[in-house]
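Taking it in order: structure first as structure tokens, then the write-up.
The values are calculated or read from the model by the stated rules, or taken from the named source; none is laboratory data. Please read these numbers as outputs of a predicted model, since none were measured by experiment. Heads up, the Cβs are rebuilt from the backbone with ideal geometry, glycines too, and the neighbour counts pull from every protein chain shown. Surface accessibility is based on the protein's heavy atoms, side chains included, excluding ligands, DNA and RNA. Shrake-Rupley method; radii C 1.70, N 1.55, O 1.52, S 1.80 Å.
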Amino acid sequence: MTAGTPVRRAGSWIGGRPVTGAATLPVHEPWTGKLVAEVGLADAEQVEQAVQLAHHARGTLPAVPVHRRADALHRVAAGLLDRTVEVAAAITRESGKPISWSRTEVQRAASTFRWAAEEAVRWSGELQRLDSEPSGEERLALHRRFPRGPVLGITPFNFPVNLAAHKVAPALAVGAPIVLKPAPKTPLSALLLGEILAGSGLPEGAFSVLTVDDDTAAELVADPRMPVVSFTGSGPVGWAIRDAVPRKHVTLELGGNAGVLICPDWSSDTDLRRAARRIAIGANSQGGQSCISVQRVLVDQALHERFLPLLVDEIEHLVVGDPWSPTTTVGPLINRAAAERVKEWIDDAVAGGARVVTGGEVEGVLVSPTVLIDAPPQSRICRDEVFGPVVTVTPVDGVDEGLRALDDSRFGLQAGVFTHDIQTAFRAHRELEVGGVIVGDIPTFRAEQMPYGGVKESGIGREGVRAAMEDYTEPRLLVFSEV
Ligand code: NAD
């Protein structure tokens, strides 16, 4: 498909087949603004069919031997790798993600499926002796985890394939059927994933990909046949889902305004250059549209004057613009409205006393990578999730004040701490209220196998293959009596 030739295409995969309703969803390419596809929305009957199939498969899928489920997951990983060019192009087309980052995303999604295949075969129970107490003599307990039931996976636009993989792969690994609802701005790459899944040999009903509007998504959330809801997206939508179904098992992977601290000991020229280089990438890659994008930089006041020009230098060398160019790091935002909102937040901060050291310009969907100093602590650019290529740099007085400032957020996904001091690392780990602390690097780091998620307004629960497998299952005990 080339830009400018919109294709009407099936918007869902149900029971291993592509299906489409009468209504369509337009998909625009952020970079050109062109309509690139008309995706058929699933109608009420098709949605019902997907739910019924998933409900039925809650009995049949766990009975598929684990070696067959693992083989299917390996086939999906291989399918993604074989079709990297095509899937990456779909990601860039629909989201504006720079093409080299889209390729990386597809490779990461393949790793997610491979990890799930490997974890599936290791996934057993635990045997526990009970005769360590007199009341337990002649008894033995087996702990096993069973799927909680079909999973409804809802994903955002910014990692349309790998975040889908993080819901689908662990669900299939534990034998839980899944209905995936991709973000309406970016359904094309998730539909390619649906096609690859359809060729994996999994039974009918093991998975569906459903392109629906948000009202239908809300009905799916409320459907009692979907007992597990795994949501990744914005806070307001996530918390409303949680409030709508308080008795369901809900995982929320939401936003943040991740911070990084440069401690007094991170002081050599090499140290500061590394911090600057990593922060430039972590704040700006994909136009800052990552939930763990660096937004707040706290730097020890003794290092501030040396660090700031290094950061500006690194940022000004980033390649901004055409996401199809292999050298681009900072592509467009998802649409003009998003770029205009970021500009408004920068202007508000400036009106409150902030100074723009570099960037601050918006042209269409492009926001130039921006560094602000003296940003008012109560401005939105400091307190909320900017989801754009903007960082604030603030001097702090030592580790105590630095850690306090790092933790001064209503969000808590990940934090970065540049230090060589093991005690500072332990202390950050103990004291910061976040899902993860990254030492010697930026918070913008995620590996597929690691538990990943946030606290406070950043969410509930953890993803990462193993963590999600636990999340989608319920422990159940079997006690044997030897008589
Ligand atoms: P969004 O909340 O607008 O949409 C997310 C998904 O929710 C979409 O599929 C959307 O169609 C669906 N949705 C909307 N209303 C719904 C409803 N009433 N019921 C059910 N589903 C509904 O988010 P977005 O703009 O696509 O993504 C950006 C957000 O995602 C940012 O806040 C970012 O930080 C967050 N995010 C978090 C993580 C994480 O792992 N913590 C990862 C990536 C993105």
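Summary of computed values
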quantity	calculated
Pairs with Cβ under 6 Å, 6+ apart, first in region 207-223 and within 13 Å of Ala240 (Cα to Cα), second basic (Lys, Arg) and within 9 Å of the ligand (Cβ to nearest atom)	Ala217/Lys181
Number of positions in region 439-451 that are within 14 Å of the ligand (Cβ to nearest atom), free of Cβ contacts under 8 Å to residues at least 40 places away in the same chain and buried (at least 17 other Cβ atoms within 10 Å of the Cβ)	0
Verdict on Leu53 being in a helix (DSSP H, G or I) and under 28 Å from Ala218 (Cβ atoms)	yes
Only one of Gly233, Gly238 that is under 30 Å from Asp441 (Cα atoms), open to solvent by 10 Å² or more (accessible area, probe 1.4 Å) and either modelled with pLDDT of 95 or more or within 7 Å of the ligand (Cβ to nearest atom) (or both)	Gly233
Pair list, Cβ < 8 Å and 6+ apart or interchain, from region 174-187 residues that are within 16 Å of Gly15 (Cα to Cα) to residues that are near the ligand (Cβ under 9 Å from one of its atoms) and not β-branched (Val, Ile, Thr)	Ile178/Leu152; Val179/Leu152; Val179/Leu220; Lys181/Leu152; Lys181/Ala217; Lys181/Leu220
Exclusive hit being within 28 Å of Ala338 (Cα to Cα) and away from the ligand (no atom under 12 Å from the Cβ), set Leu210, Leu191, Leu180, Leu197	Leu191
Qualifying positions in region 136-154 - among the small types (Gly, Ala, Ser) and over 12 Å from Val479 (Cβ atoms)	Gly149, Gly153
Test: residue in region 113-133 that is within 30 Å of Thr32 (Cβ to Cβ), crowded, with 24+ Cβ neighbours inside 10 Å and among the aromatic types (Phe, Trp, Tyr)	no
Strands (runs of 3 or more DSSP E) within region 84-172 that include 3 or more residues touching an Asp or Glu at 6+ places or on another chain (Cβ under 7 Å) and not aromatic (Phe, Trp, Tyr)	139-147
Any chance Ala37 is modelled with pLDDT under 95 and outside any helix (DSSP H, G or I)	no
Flag if Ala77 is part of a helix (DSSP H, G or I), farther than 22 Å from Leu210 by Cβ and open to solvent by less than 50 Å² (accessible area, probe 1.4 Å)	yes
Residues located in region 386-438, provided they are in a loop (DSSP other than H, G, I, E, B) and surrounded by 20 or more Cβ atoms within 10 Å (Cβ to Cβ)	Val386, Phe387, Gly388, Pro389, Ser409, Leu413, Thr419, Leu432, Val434, Gly435
Those residues of region 241-251 which are open to solvent by 40 Å² or more (accessible area, probe 1.4 Å), under 14 Å from Leu152 (Cβ atoms) and more than 10 Å from the ligand (Cβ to nearest atom), in sequence order	Arg242, His249
Unique match (being touching a residue at least 60 places away in the same chain (Cβ under 8 Å) and in contact with a strand residue (DSSP E or B) (Cβ under 8 Å, 6 or more places away or on another chain)) among Leu298, Leu318	Leu298
Matching residues in region 1-34 - criterion: being outside any strand (DSSP E or B), open to solvent by 60 Å² or more (accessible area, probe 1.4 Å) and at pLDDT 95 or above	Trp31, Thr32, Lys34
Condition check for Ala222: away from the ligand (no atom under 16 Å from the Cβ) and of a type outside the set (Val, Ile, Thr)	no
Residue that is farthest from Ser95 (Cα to Cα), among those in region 349-374 that are open to solvent by 20 Å² or more (accessible area, probe 1.4 Å) and touching a Ser or Thr at 6+ places or on another chain (Cβ under 6 Å)	Gly352
Answer residue from region 264-277, given it is buried (at least 21 other Cβ atoms within 10 Å of the Cβ) and touching a residue at least 40 places away in the same chain (Cβ under 8 Å) and is nearest to Ser100 (Cα to Cα) among those	Ala275
So Ser100, is it within 19 Å of the chain's Cα centre (by Cα), under 23 Å from Ile334 (Cβ atoms) and away from the ligand (no atom under 16 Å from the Cβ)	yes
Leu202 vs. criteria open to solvent by 10 Å² or more (accessible area, probe 1.4 Å) and either out of contact with any Asp or Glu (no Cβ under 8 Å at 6 or more places or on another chain) or on the phi > 0 side of the Ramachandran plot (or both)	yes
